[in-house]
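> Next up is a structure, given as structure tokens.
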Amino acid sequence: MLKVTGSAMPGAASLLPITIFAAAAAGEQEPEPTRSPSLRDDLSLYTAPPQQKAQYEEPEAGQLEQTVATLRKFTEPYTGWCQGTYNTVKPKVQSVVKCGTDSYAYLKNPPKDFYPRAGVIGFTGILGLVLARGSRIKRLVYPAGLVAVSTSLYYPAQAAAVAKSAGDSVYDRAVRSYAALEKMVKSQSKAEKGTDSETKP
């Protein structure tokens, strides 16, 4: 039997050394009292059972799991390709949807005189088709030219911005084409000079 003697204050009892008297179990000799100082928190009244490490065993894969794993391995390259295509197409689809919603909101509450202007612009396109009889080039140039002229009359600021951006892009392409052509001419002239020098004695 254990008998613990200590301080009268319960809080201080955990910090002070105590004397332990233990009774022997049946068939054992009585142990001598422990004289070494011990703290009450160091005592173990109940022996803890030895801890066993938990071992997790994977259950055997069934027929369905094996089929799903085989299907995954088979479709893995295709899913990667589809994911890449989806990531490429998604921004374009979102921009088209945004453009459609913006157009719907604009047409739902249009500015003043929008529909009469749109009617005049459409009529000039039809007039261009009527005037362009006989030639395919006329059928492309006349309606587009008349629509562009009538649109620029009603929306001069937007027409100026479009013309400026188009002019900048045309100028940029012309400069690039000129640089590429100049590079080709220089390389051909160097090659001709090299062949002339080889043929001379």
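The values are calculated or read from the model by the stated rules, or taken from the named source; none is laboratory data. In this text the structure is predicted, and so the values were computed from the model without any measurement. Don't worry about glycine lacking a Cβ; one is built from the backbone with ideal geometry, like all the others, and counts go over all protein chains shown. Areas reflect the complete protein model, heavy atoms only, side chains present, ligands, DNA and RNA absent. Shrake-Rupley method; radii C 1.70, N 1.55, O 1.52, S 1.80 Å.
> When Lys and Arg each count +1 and Asp and Glu each count -1, what net charge do the other residues less than 10 Å away from L129, Cβ to Cβ, add up to?
Around L129, the charge tally is +3.
> If you don't mind, another one. How many Å² of accessible area per residue for the range 58-201, probe 1.4 Å? Before the final figure, lay out each step's value.
Details: 12660 Å² over 144 residues.
For the range 58-201, the per-residue accessible area is 88 Å².
> Spelling out what I want: for every residue of the range 118-126, take phi, set θ = phi - 60°, compute 6.51 cos²θ - 1.76 cosθ + 1.60 (Karplus), and round to whole Hz; glycine and proline get x.
4, x, 5, 5, x, 5, 5, x, 5
> So if I take the centroid of the Cα atoms in the range 62-90 and the same for the range 139-177, what is the distance between those two points in Å?
47
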